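Okay, structure first, notes after.
The values are calculated or read from the model by the stated rules, or taken from the named source; none is laboratory data. The structure displayed is predicted, hence computed values, not measured ones. With ideal geometry, Cβ positions are generated from the backbone for all residues, glycine too; neighbour counts draw on all protein chains shown.
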Amino acid sequence: MSVLIKPLITEKASSMNEKGKYGFIVDKKANKVEIRKEVEKMYGVSVESVNTMIYQGKAKSRFSKSRVIKGRASSFKKAIVTIADGEVIDFYSGI
């Protein structure tokens, strides 16, 4: 299984791309060394640093005709990868 699940394509992450920082949703068991190696192998860039954070899943509820249904969204791990100056990762090349 791959360490990188998907890139973050949000407004905040896109503004960080101009500064050389890219966001990824990663496997919860992956560590910073594994994330660094996978980004370098997949995109052909040199990684300077990796910052990770784990987001807890939010509690969700919705109303149906008979009752209130309660559940929980999945938790996930996010990595912010800083690459070397002058290098760029293009997420949209395969579209």
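How many residues, within the stretch 17-31, are touching a residue at least 40 places away in the same chain (Cβ under 8 Å) and closer than 15 Å to THR52 by Cβ?
9
Looking at VAL45, VAL50, VAL68, VAL39, which one is more than 20 Å from SER93 (Cβ to Cβ), among the β-branched types (Val, Ile, Thr) and surrounded by 15 or more Cβ atoms within 10 Å (Cβ to Cβ)?
Checking each option against the conditions leaves just VAL50.
Output yes when any residue across the stretch 39-54 is within 21 Å of the chain's Cα centre (by Cα), basic (Lys, Arg) and either more than 19 Å from LYS21 (Cα to Cα) or modelled with pLDDT of 95 or more (or both), and no when none is.
No; the residues of the stretch 39-54 include none that is within 21 Å of the chain's Cα centre (by Cα), basic (Lys, Arg) and either more than 19 Å from LYS21 (Cα to Cα) or modelled with pLDDT of 95 or more (or both).
When the residues of the stretch 74-95 are narrowed to those that are in a strand (DSSP E or B) and of a type in the set (A, V, I, L, M), which ends up surrounded by the most Cβ atoms within 10 Å (Cβ to Cβ)?
Of everything passing the filter in the stretch 74-95, VAL81 is surrounded by the most Cβ atoms within 10 Å (Cβ to Cβ).
Among the residues of the stretch 1-50, write down those that are in contact with a helix residue (DSSP H, G or I) (Cβ under 8 Å, 6 or more places away or on another chain) and among the polar types (S, T, N, Q).
The answer is SER2, SER46.
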